[in-house]
Amino acid sequence: AVCSMGNSTSRLYSVLAKTLSSGAVSQHQDCLEQLDSAQLDPIDPKDLLEECQIVLQKRPPRFQRNFVSLEKNTASNHRPIRVMQWNILAQALGEGKDNFIQCPMEALKWEERKCLILEEILAYKPDILCLQEVDHYFDTFEPLLSRLGYQCTFFPKPWSPCLDVERNNGPDGCAMFFLKERFELVSSANIRLTAMKLKTNQVAIAQTLKCHETGRLFCIAVTHLKARTGWERFRSAQGCDLLQNLKNITQGAKIPLIVCGDFNAEPTEEVYREFSNSSLNLNSAYKLLSPDGQSEPPYTTWKIRPSGECRHTLDYIWYSQHALNVNSALGLLTEEQIGPNRLPSFNYPSDHLSLVCDFSFNQDPDRLL
């Protein structure tokens, strides 16, 4: 069923409506045929945002979050590059497997939750968007975001748990989107992560982009490591494999790097230390929000399941700290904003918070990485 768009007669109505139904794969194929993005005209993000807000008019307003300036006398003569990292919560898992016992099922309806996700993306206008748990790529995100000017890439998990859910929309996976007006794609790699020499169910996308404004190359990667307690060594092995792949792609850190992901690992885990101590010279951008610049946020995900309350820091944006500067970072939601029933909710569509950072290139391109 397509939800009402109020009295709106916008030309976007039919496009948005076609992406609202969460039918099975057979319906998903129909959407693909209806929404061939190569044949569709560009759309104005303001128009799409207005349409989303009409769909969401009976829900509470979205949370307000502010950017925190982190510049330390690092003047830049080019526009910053805004990167957004977000585990958006696969629809099949939210409805069928994740057991958010304090979240009403009505809050998880795809017809409206999709618009909450789009509203969050449109509000922050990222130049590069890195998503995990995407199971509506072909019928929603690719057709809409391509019309907003993004080049889109999707790499599904080989054995997605979404496929175990009745009336699923296909496998979930990682997706990456970048604005074509700002960047040119130089190379792209879909990486199936290994652990102990075995191929795993976790994946990554790594793309080398050229910035039109500066002519500088950089690599952007997105991943989602294995979940659950007891899999720490497995995540560590996956992290080592990803780092090795990224060393090859960046020619041993000659090309600046940004890595976004849901690592499913607290800062105390080995995989976090591997990234911190890597020869790629990476730092975690959200540490810069702490008073000493050394501590991660207290949480990036907060939910209530039958086993109890889960409050963890699992999501990160890593960057080459000698090649890139973090100009600002989006502050996290407060406990008061999140509320006693935690996430997801009528206000917020995922159990993970979005992370957003503005980056600029170091002004001395010959400086050692």
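Okay, here's what the table says:
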item: Evaluation of S307 against (1) open to solvent by 30 Å² or more (accessible area, probe 1.4 Å); (2) without any contact (Cβ under 8 Å) to a residue 12 or more places away in the chain; (3) farther than 26 Å from S345 by Cα (one fails), failing number; result: (3)
item: Test: residue in the stretch 139-147 that is outside any helix (DSSP H, G or I), closer than 29 Å to C310 by Cα and out of contact with any Phe, Trp or Tyr (no Cβ under 6 Å at 6 or more places or on another chain); result: no
item: Options G252, G239, G215: the member that is over 21 Å from A175 (Cα atoms), of a type outside the set (V, I, T) and either touching a strand residue (DSSP E or B) at 6+ places or on another chain (Cβ under 6 Å) or modelled with pLDDT of 95 or more (or both); result: G215
item: Subset tally (residues that are at pLDDT below 95 and touching a helix residue (DSSP H, G or I) at 6+ places or on another chain (Cβ under 7 Å)) for the stretch 60-70; result: 3
item: Test: L257 is of a type in the set (A, V, I, L, M), more than 26 Å from S350 (Cα to Cα) and open to solvent by 20 Å² or more (accessible area, probe 1.4 Å); result: no
item: For T300: the one exception among (1) in contact with a helix residue (DSSP H, G or I) (Cβ under 6 Å, 6 or more places away or on another chain); (2) without any contact (Cβ under 8 Å) to a residue 60 or more places away in the chain; result: (1)
item: Test: residue in the stretch 112-128 that is over 23 Å from I338 (Cβ atoms), open to solvent by less than 50 Å² (accessible area, probe 1.4 Å) and at pLDDT 95 or above; result: yes
item: Qualifying positions in the stretch 161-193 - of a type outside the set (A, V, I, L, M) and out of contact with any strand residue (DSSP E or B) (no Cβ under 6 Å at 6 or more places or on another chain); result: P161, C162, D164, E166, R167, N168, N169, G170, E181, R182
item: Sole residue being open to solvent by less than 50 Å² (accessible area, probe 1.4 Å), polar (S, T, N, Q), assigned to a strand (DSSP E or B) and under 23 Å from L131 (Cα atoms), chosen from N264, N245, N283; result: N283
item: Failed criterion for L193 (all others in (1) open to solvent by less than 10 Å² (accessible area, probe 1.4 Å); (2) at positive phi hold); result: (2)
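Results for (1) among the polar types (S, T, N, Q); (2) in a strand (DSSP E or B), shown as yes or no for each residue.
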site	(1), (2)
K254	no, no
S279	yes, no
Y299	no, no
K303	no, yes
Y319	no, yes
S328	yes, yes
F346	no, no
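The values are calculated or read from the model by the stated rules, or taken from the named source; none is laboratory data. Keep in mind that what you see is a predicted model, and the values were worked out from it rather than measured. Every residue, glycine among them, receives a Cβ derived from its backbone with ideal geometry; neighbour counts consider all protein chains shown. Accessible surface is based on the protein model in full, side chains and every heavy atom, while ligands, DNA and RNA are left aside. Shrake-Rupley method; radii C 1.70, N 1.55, O 1.52, S 1.80 Å.
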